[in-house]
Amino acid sequence: MSCSDYTNYSEGEPIADTRAPDGPLETRWERRRFAARLVNPANRRKLTVIVVGTGLAGGSAAATLGELGYNVLSFCYQDSPRRAHSIAAQGGINAAKNYAGDGDSVHRLFHDTVKGGDFRSRESNVHRLAQVSTQIIDQCVAQGVPFAREYGGLLDTRSFGGAQVSRTFYARGQTGQQLLLGAYQALSRQIHAGTVRMHPRTEMLDLVVDDGRARGVVVRDLVSGEVSTHLADAVVLATGGYGNVFHLSTNAKGCNTTAIWRAHKKGALFANPCYTQIHPTCIPVSGEHQSKLTLMSESLRNDGRVWVPERAGDPRAPRDIPEQERDYYLERLYPGFGNLVPRDIASRAAKTVCDAGRGVGPGGLGVYLDFAEAIERLGRDTVSARYGNLFEMYQRITDEDPYEVPMRIYPAVHYTMGGLWVDYDLRSTIPGLFVIGEANFSDHGANRLGASALMQGLADGYFVLPAVIGDYLADGPFGPVPPTAVEDAEDEVRQGIAALLAVDGDRTAESFHRELGRLMWELCGMERSEEGLRKALEQIPQLRGEFWRRVKVTGAGGQLNQELEKAGRVADFLELAELMCLDALHRTESCGGHFRVESQTAEGDARRDDDAFSYVAAWEHTGGAPVLHREHLEFTAVRPSVRSYK
Amino acid sequence: MRYTLRVWRQRGPEESGGLVDYDVDGISPDMSFLEMLDVLNERLVLDGEEPVAFDHDCREGICGMCGLMIDGVAHGPERATTTCQLHMRHFDPAEPIVVEPWRAAPFPVVRDLMVDRSALDRIVEAGGYISAPAGAAPDAHAVPIPKADADAAFTAAACIGCGACVAACPNGSPMLFTAAKATHLGLLPQGQPERLSRAEDMLTAQDDLGFGGCTQTGECTLVCPKGIPLETIATLNHDVLTAALRGR
Amino acid sequence: MAVSGAILFLYVVAHMVGNLKAFAGAGALDDYGVFLREFLSPVLGYGGFLWVVRVVLLLAVVLHMVAAVQLARRARKARPVSYAHRPKVQGSYAARTMRWGGVIIALFVVYHLLDLTAGVLNPNGVEGAIHANVVADFQRWYVVLAYTLAVVALGFHLRHGLFSALRSLGVASARRAAAVRGTALGVAVVITVGFLVVPFGVLFGIVR
């Protein structure tokens, strides 16, 4: 609705993380936990905590807070908490257990994560994440997660995403599912015990802020359409990432930015919105109708070779193209790492060859991932044992047999590193509003390492949030919220719904989403340029204006209405997109998942600018031009260096 | 390609429903079944009609949210496939496709093709877990687990809770769902202390919720997108019987 | 269901073994009938054992039917609205014919009792002359046909019944799945054949 001027912004006061203790990195978490005030067990049930989202972060947080004796209200838009999108994570979860005895340690995991994040994350948070990682595995095994094991009965690990140590625990290709079911079961136990009240098929549409504190949420019951308010002493957002701003992504259809965006509009700063991770190995788009993109595990690059035809527009079938007329471009450009270069580099290289007209498949948006050599070297049986289920999945979707024809892959949006700004205690800039998991910005910097998303979600939910939330709640219970504050918040939501229904135009919300996605992918995707971003900042408000003139939502507000749900989410994406482009425009360096064409080396590699950009960009919503607050990043344990994979 | 659909439309749980015929045009063989419904829905919206409500989310066969009875078969004609992973190339445009919701008394229709499956959550809440508070766990290597047991537990744990087993069962029984959970946790050493009570509590909950009784017809495992084996039911029965014999 | 089924199953096995006495000549089968009546007669009186068996069987049959009716009712309650389009279920033929198969077997048992126990419907119908009664029966092709249909129905019923009972009693673990399947099928075939050899033996003049 709001049409703000996002091409400009103003500088605000710098912000600082005031909760992380100073002193040696290794003992910060221990000291923070000790310093945090505790809540007497008898008082905990008088304190209500709202947790929105039931993925790895939200599910584990709600279960753990319930176990501690708090009165927990949990919300999810799906029909069951077990379906949150964490369930789709395939690869695994990192932990510094060093079970493989190959030299891993908390410090090494910390170091790799900071480096992998291209020196744009906060050292104290990352170090804590590495410390807590080992407890996660213990916890999950205790609750019955069937991790892969070796014949001796001990846990199996593998190296993942180019890591030099074997620290990734996995459960076949369904690690996310098994971890989520563990959290879901723990949550179910608390629901049964009465400490957690579950509200499935319920969507958060606004945050209730009273007297400067987050005190509740306004929600819509997706079955009855009823709008109501739930009040609490603290609100925890665990609502995931916003990758669906690109319309096509590996996210679930329902994933959306609404909860964090509305909290942002209520005063929470939004950090680094432009940091987007693009995963190199997804099944390419097959047509206009495409509703989502399917990820193929990164492990495929261990044995598959990536290539395109030497000649642009080569019409021949892949098997008819002789070896000398193929370009194995990753092996050519990065002889050191070859096909195993990190995600951002592999993705961008694919875009470059496709832009040069050498892409394959429909629309020329694809590159070959070829297993012919692997099948010859290892035999079909070994290849099948390693990747059989992925080959099957590929064949089911594309109707092509990867044993005979090379797979076609293309990069797709997969994860967003940006999110609401939080301090060491996971507090946003609104007191009482905590943000955990992918919804916050905290641990991955400008690029997330493979198998680290699950680690962060569970670290936040099982261990970090429960240890620090007491320090805030010790001042509670907070007084009653005046009815007018509730009415105002509800009215605002009802008006928003009424406005969407009132347009009664001639285009579906889906068509706007598709158009926005295409625009973002084109102008704020794998490569960003000043020219493109300025164009995007011009076009997004126009598209938003058109949305509010032409969107068609059938049905009414007081009923189950999936079109209304979609329209509301697209409306929020249309606002967020602008902030993402602005953030991308202001950050003229290239770092991690953010690549600015103006900032590259002669060889086309990303060039970071530590002098100018070693900070977190936290944006304040004003209704007009946003205000930039910088959090300066300091590196004491890991020296910033240039990532090189040559 | 052009298809004729016969889709169950029902405004709410208390209202009566019926099959309504629709023609959908411009369907490519690479579309998934749900993308075909998306095409229908976009057209309906532009015509000012309310779209067909159906549940879906991840669209990659793992969240368990989608599930339609397609020509009388749960998740359609392809084995070991969820509705979202089913593609139109498997359908003959000459034949009308009948699309209905899951049907079971404990799964009331919410609207159109969408049903309320929260009864499955109630079964898990009754005991489908291992009580392990965060922070209290011993080292993950404290108890080695034979690989065969871990693998078998995983096979059972792969259940996505879509409810196809209930939809397909002539008795309307969720036995395969319940048995998958009981088997997953019952095969692991961590699951032993609560093994018998878990089996018994989940089975009692299942019966109390109004599901039918299992007669091992095997329909469930045929439509299960994850191929949960029928033998899990024997494991559950074994635990329930042992609990009864021990006079719990 | 499984427990009452198990009792009935044991009886069916004993009955089949007894029937095979027909191949040992006329005296053998009649003597066997006398033996059953005299068995434990000091305690139970002449024929007492058979009455005990009959009471137990009757109880088992009643329980078996009650359980079946209960399951069918629960099934109907669990699916008040049926599917508009539903091809026949895809599982085994035996599994989906349990209920109608059961009814066929029950009707057959009534006929069978009137024929060879009470003798009312038997062409010979002399009490104690079991062998003669049997031979009189099975010289008629339509009686053989009726018995064949019933025994085949019984075979299917047992195939799924055994398989299912072993599962219900939790005997079949994942590892023994194939064995259970095989055993259920094997036993069902043996019993079907075991019952059918007598009528066909008579029909083809092997048993006189």
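Structure data summary
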quantity: Selected from A:ALA412, C:VAL53, A:LEU109, residue furthest toward positive end of dipole (the protein assembly as shown; charges at beta carbon); calculated: C:VAL53
quantity: Cα-projected label distance for A:GLU538 with A:GLU373, points at 7 Å along beta-carbon direction, nm; calculated: 4.5
quantity: Dipole of the stretch B:3-111, positive direction: furthest Cα of B:SER32, B:MET88, B:GLY61, with charges on the beta-carbon; calculated: B:GLY61
quantity: For A:LEU369, net neighbour charge (Lys/Arg +1, Asp/Glu -1) across residues whose Cβ lies under 10 Å away; calculated: +1
quantity: Length-normalised contact order of the stretch B:118-245 in % [C-alpha pairs under 8 Å, at least 6 apart]; calculated: 34
quantity: Mean separation of Cα contacts under 8 Å (6+ apart) over length of chain A, as relative contact order %; calculated: 22
quantity: 5 angstrom amide H check on A:VAL209, placed H, neighbours 5+ away; calculated: A:ARG215
quantity: 0 to 90° range, to nearest 10: angle between helix A:530-550 axis and chain A longest Cα axis; calculated: 60
quantity: Pairwise FRET efficiency - B:ASP92 versus A:ARG311, Cβ, R0 = 45 Å, nearest 0.05; calculated: 0.65
quantity: Peptide-level mean, for B:79-89, of C-beta atoms on other protein chains within 10 Å; calculated: 2
quantity: Under 5 Å, built H, 5+ apart or other chain: amide partners of C:LEU121; calculated: C:ASP115
quantity: Distance between the stretch C:64-139 and the stretch B:135-181 - C-alpha centres, whole angstrom; calculated: 38
quantity: Sparse-neighbourhood loop sites, trypsin sites (Lys or Arg not before Pro) in the stretch B:44-128 - DSSP loop, at most 15 other Cβ within 10 angstrom; calculated: B:ARG79
quantity: Loop GluC sites (Glu not before Pro), the stretch B:1-75, which have at most 10 other Cβ atoms in a 10 Å radius of their Cβ (DSSP); calculated: B:GLU14, B:GLU15
quantity: Interchain or long-range residues, amide H under 5 Å from B:VAL98's placed H; calculated: B:ARG6, B:ASP71
quantity: Residue among B:THR183, B:THR82, B:THR217 with the largest mean-square fluctuation in a Gaussian network model of chain B, springs linking Cα atoms under 10 Å; calculated: B:THR217
quantity: Backbone HN-Hα couplings from phi across the stretch C:71-76 [Karplus 6.51/-1.76/1.60, Hz, Gly and Pro as x]; calculated: 4, 5, 5, 4, 4, 5
quantity: Cα centroid separation - the stretch C:1-21 against the stretch B:64-95, whole Å; calculated: 44
quantity: Top positive-direction residue, dipole computed over the stretch A:499-608 with Cβ charges, set A:SER590, A:GLN600, A:ASN561; calculated: A:ASN561
quantity: Formal net charge of residues neighbouring C:PRO87 (Cβ-Cβ distance under 14 Å; K, R +1; D, E -1); calculated: -1
quantity: Charged-residue dipole, Cβ positions (Lys, Arg, Asp, Glu), the stretch B:118-245 about Cα centre, Debye nearest 20; calculated: 200
quantity: Exposure rank, largest accessible area first [A:LYS46, A:LYS97, C:LYS77, A:LYS115; 1.4 Å]; calculated: C:LYS77, A:LYS46, A:LYS115, A:LYS97
quantity: Aspartates and glutamates whose Cα lies under 17 Å from that of B:LYS226, excluding same-chain neighbours fewer than 8 positions away; calculated: A:GLU392, B:GLU60, B:GLU78, B:ASP151
quantity: In order through the stretch A:300-313: 3J(HN,Hα) via Karplus (6.51 cos²θ - 1.76 cosθ + 1.60), integer Hz, x for Gly, Pro; calculated: 4, 6, 5, 10, x, 10, 8, 8, 9, x, 4, 9, 5, x
quantity: Magnitude of the charge dipole, chain A, Cβ model with Lys/Arg +1 and Asp/Glu -1, debye to 20; calculated: 1180
quantity: Simple Cβ-charge dipole of the stretch A:279-414, Lys/Arg +1 and Asp/Glu -1, about Cα centre, in debye nearest 20; calculated: 380
quantity: Sequence-separation-based contact order of the stretch A:257-389, relative, with Cα cut under 8 Å and 6+ spacing, percent; calculated: 26
quantity: Vicinal HN-Hα couplings computed from phi for the stretch A:285-294 (Karplus, 6.51 cos²θ - 1.76 cosθ + 1.60; Hz; Gly/Pro x); calculated: 5, 9, x, 4, 5, 3, 9, 6, 10, 10
quantity: Interface area, B with C, accessible, probe 1.4 Å, both sides summed, Å² nearest 100; calculated: 2800
quantity: Two-site label geometry, A:ASP381 and C:ARG99: point separation in nm, points 7 Å out along Cα→Cβ; calculated: 4.8
quantity: Cα-based helix-to-principal-axis angle, A:483-503 vs chain A, degrees rounded to 10; calculated: 40
quantity: Local net charge near A:ARG108, Cβ-Cβ under 12 Å (Lys/Arg +1, Asp/Glu -1); calculated: 0
quantity: Probe 1.4 Å, accessible area per residue of the stretch A:499-608, Å²; calculated: 33
quantity: Accessible-area composition of chain A, carbon plus sulfur, in percent [1.4 Å probe]; calculated: 48
quantity: Helix axis angle, B:175-186 relative to chain B longest principal axis, alpha carbon, degrees; calculated: 40
quantity: Inter-chain Cβ neighbour average for residues B:29-39, partner chain, 10 Å; calculated: 4
quantity: Label-to-label distance, nm, for residues given as A:GLU492 and A:GLU13 (7 Å Cα→Cβ offset); calculated: 2.2
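The values are calculated or read from the model by the stated rules, or taken from the named source; none is laboratory data. Just so it is clear, the model here is predicted, and its values are computed rather than measured. No Cβ is skipped: glycine too gets one built from the backbone with ideal geometry, and neighbour counts run over all protein chains shown. In case anyone asks, the SASA skips ligands and DNA or RNA and just uses the protein heavy atoms, side chains included. Shrake-Rupley method; radii C 1.70, N 1.55, O 1.52, S 1.80 Å.
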